[in-house]
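Heads up, the thing below is written out as structure tokens.
The values are calculated or read from the model by the stated rules, or taken from the named source; none is laboratory data. For clarity, every value in this text was computed on a predicted model and none was experimentally measured. Neighbour counts run over all protein chains shown; Cβ positions are idealised from the backbone, glycine included.
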Amino acid sequence: MKYTAEEIRSALQNGELTAYYQPQYDTLTSQLKSAEALVRWIKKDGTVVSPFFFIPVAEESDLIMEIDWYVAELACKTLVKQNVMPQFPISVNFSRRHIQEKNFAEKLAALMDRYELPRPLMEVEITESAMVGNEANLLDWIVSIRNAGFSVAIDDFGSGLSSLQFVKDIPADVLKIDKSLLSHNCEDEKERIVLESIFTFAHRLHMKTVAEGVETKEQLGFLRSCDCIRIQGYLFARPMPEADYLSLCRGHCAVDEPTDILQMQSASSAIQLLMEAVFRRYPLVIFTNLSRNSYYMMAYDDFTRTSCPSAGIFDELIEHGTETMHPDDRAVFAETFSRQNIIAQYKNGAKTLRLITRQLGDDGIYRRVETVDYFVRSGSSPDILAITLCENLPDETDTQAAVSAIEADLKAICGSNLDAVMEVVRKRLNT
Ligand code: C2E
Ligand code: MG
Ligand code: MG
């Protein structure tokens, strides 16, 4: 049954359109976190009409914009009713037509202000297909919404033909993975490979992930292993009327059990945490295959962003690294970390290889850097592998000052000749 624009318009005017809410849950803890507003047409006889039967018609004209703003306002009213309970953010679907709408972000901000609601409680969903052909305007549109304090989600990702190249440039907060990507119940090897890649891609671009249309335990299990952040689907809850959603929210605040994330996390998120600690101390980590003269580097430039890898030929990396060293340290650096020497050390039974040099930073200042190679093994390859951890050491002048202070203190206490002791101290501290 397809309705005409006039029928839909009068349904809107008669208040027959309303919002249902489908909750979204934390993938690991199964706790309620947010919801999506989905429009429904409740006819006078009580029949509930799915958006499938009227949204496509409404999208042919600006009628869709009226509907979307109407639903957004309903979502605000629902959020206000949550004032006495934890307010879970609500995402609202906005048609591609809004990309051309003047002052969209200001209008949304004014709506939230009218209801005295904090902006992070509203998320704007824009479907993936809206991107095609709208690239130039879309970027500005999304930036203006985010600058106004709202979150933006790309809906139905994977359902159309959008290119990864383009998505990578979209500054969205959330990627909603379309249910069509789960259609083989995550049991098909190829389906799993595609999903794993999408989640890795999204997380590396610092986007949150929501899987839509999750219906089975198998899907949930697999999505957990991909570190998917939120789940929306019939397995947990169907879209429901406002009253039901509000009572669900009420119930959820009562059973907000603290969960130990360490007991539930997947192996990959445990490694993520571990890497965070490693990067705290070692801003540069290099994986080297000495047998193949290749490397893979992870550099950590600030603690809020994750690693950015680069890969290449190991000999060239050392050549480049040598140039950044203090002229007096170049020869020893190049010699120590030549592949020939590292392999020879490995064959002699060395477990590590260590060197302190002075390296020129981007700011033109030399800093002491300790470079340590740890030989490691891979179960699936006989190649000689090493992991290099590079650490910035305290300033040499600081260390020298500390050594002089220690020397003075010791002389005051012992009064004897400390030259031999101090020589050992200096050697150990490499000053
Ligand atoms: P959507 O935004 O991708 O919303 C998700 C759709 O998947 C919803 O369909 C939801 O009921 C359905 N769904 C959720 N979990 C499951 C599941 O486990 N299995 C299956 N098979 N389906 C699930 P719904 O409510 O029929 O909405 C369909 C589409 O209509 C929405 O897709 C959205 O694109 C559009 N829509 C809904 N409300 C609005 C609105 O207010 N404005 C605009 N512009 N579009 C809307
Ligand atoms: Mg949606
Ligand atoms: Mg969707």
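Does segment 65-98 hold any residues that are within 16 Å of ligand 3 (Cβ to nearest atom), in a helix (DSSP H, G or I) and β-branched (Val, Ile, Thr), and which are they?
Val71
Does Ala211 satisfy being within 16 Å of ligand 1 (Cβ to nearest atom), in contact with a strand residue (DSSP E or B) (Cβ under 8 Å, 6 or more places away or on another chain) and in contact (Cβ under 8 Å) with a residue 60 or more places away in the chain?
Spelling it out, Ala211 is indeed within 16 Å of ligand 1 (Cβ to nearest atom), in contact with a strand residue (DSSP E or B) (Cβ under 8 Å, 6 or more places away or on another chain) and in contact (Cβ under 8 Å) with a residue 60 or more places away in the chain.
Taking only segment 144-187 into account, find how many residues are assigned to a helix (DSSP H, G or I) and either among the basic types (Lys, Arg) or within 14 Å of ligand 3 (Cβ to nearest atom) (or both).
So the answer is 5.
Please list, ordered by first then second residue, the pairs with beta carbon atoms under 6 Å, 6 or more apart or interchain, first in segment 125-144 and assigned by TED's automatic domain parsing to the domain that holds Phe166, second acidic (Asp, Glu) and within 16 Å of ligand 2 (Cβ to nearest atom).
Glu125/Asp155; Thr127/Asp155; Thr127/Asp156; Glu128/Asp156
Just give me the residues in segment 291-308 being modelled with pLDDT of 65 or more and part of a loop (DSSP other than H, G, I, E, B), in sequence order. So that I can check it myself, show each step before the final result.
Our first condition is that a residue be modelled with pLDDT of 65 or more; within segment 291-308, this holds for 291-299.
Ser291, Arg292, Asn293, listed by residue number.
Tell me, yes or no, whether segment 222-238 has at least one residue that is farther than 19 Å from Asp26 by Cα and in a helix (DSSP H, G or I).
Within segment 222-238 (the criterion being farther than 19 Å from Asp26 by Cα and in a helix (DSSP H, G or I)), the answer is no, since none of the residues qualifies.
Any chance you could count how many residues in segment 90-135 are under 15 Å from Arg146 (Cα atoms), within 23 Å of the chain's Cα centre (by Cα) and within 16 Å of ligand 2 (Cβ to nearest atom)?
Number of matching residues: 7.
Give the residue that is farthest from Thr216 (Cα to Cα), with candidates limited to residues of segment 150-180 that are in contact with a Phe, Trp or Tyr (Cβ under 9 Å, 6 or more places away or on another chain) and within 12 Å of ligand 1 (Cβ to nearest atom).
Checked segment 150-180; the qualifying residue farthest from Thr216 (Cα to Cα) is Lys176.
So is Thr18 out of contact with any helix residue (DSSP H, G or I) (no Cβ under 6 Å at 6 or more places or on another chain), surrounded by 15 or more Cβ atoms within 10 Å (Cβ to Cβ) and of a type in the set (S, T, N, Q) or not?
yes
When the residues of segment 127-143 are filtered to those that are polar (S, T, N, Q) and away from ligand 3 (no atom under 12 Å from the Cβ), which remaining residue is surrounded by the most Cβ atoms within 10 Å (Cβ to Cβ)?
Our first condition is that a residue be polar (S, T, N, Q); within segment 127-143, this holds for 127, 129, 134, 137.
So of that shortlist, the ones also away from ligand 3 (no atom under 12 Å from the Cβ) come out as 134, 137.
Values: Asn134: 15, Asn137: 12.
Applying the filter and picking the extreme gives Asn134.
Pairs needed: first member in segment 81-102, over 16 Å from Trp141 (Cβ atoms) and assigned by TED's automatic domain parsing to the domain that holds Pro56; second member anywhere, among the acidic types (Asp, Glu) and within 16 Å of ligand 3 (Cβ to nearest atom); C-beta distance under 6 Å; at least 6 residues apart or different chains.
Short answer, once both residue conditions are applied: Pro89/Glu123; Ser91/Glu36; Ser91/Glu123; Ser91/Glu125.
For segment 219-235, name all the residues that are within 13 Å of ligand 1 (Cβ to nearest atom) and more than 14 Å from the chain's Cα centre (by Cα).
Of everything in segment 219-235, those that are within 13 Å of ligand 1 (Cβ to nearest atom) and more than 14 Å from the chain's Cα centre (by Cα) turn out to be Gln219, Leu220, Leu223, Ile231, Gln232, Gly233, Tyr234, Leu235.
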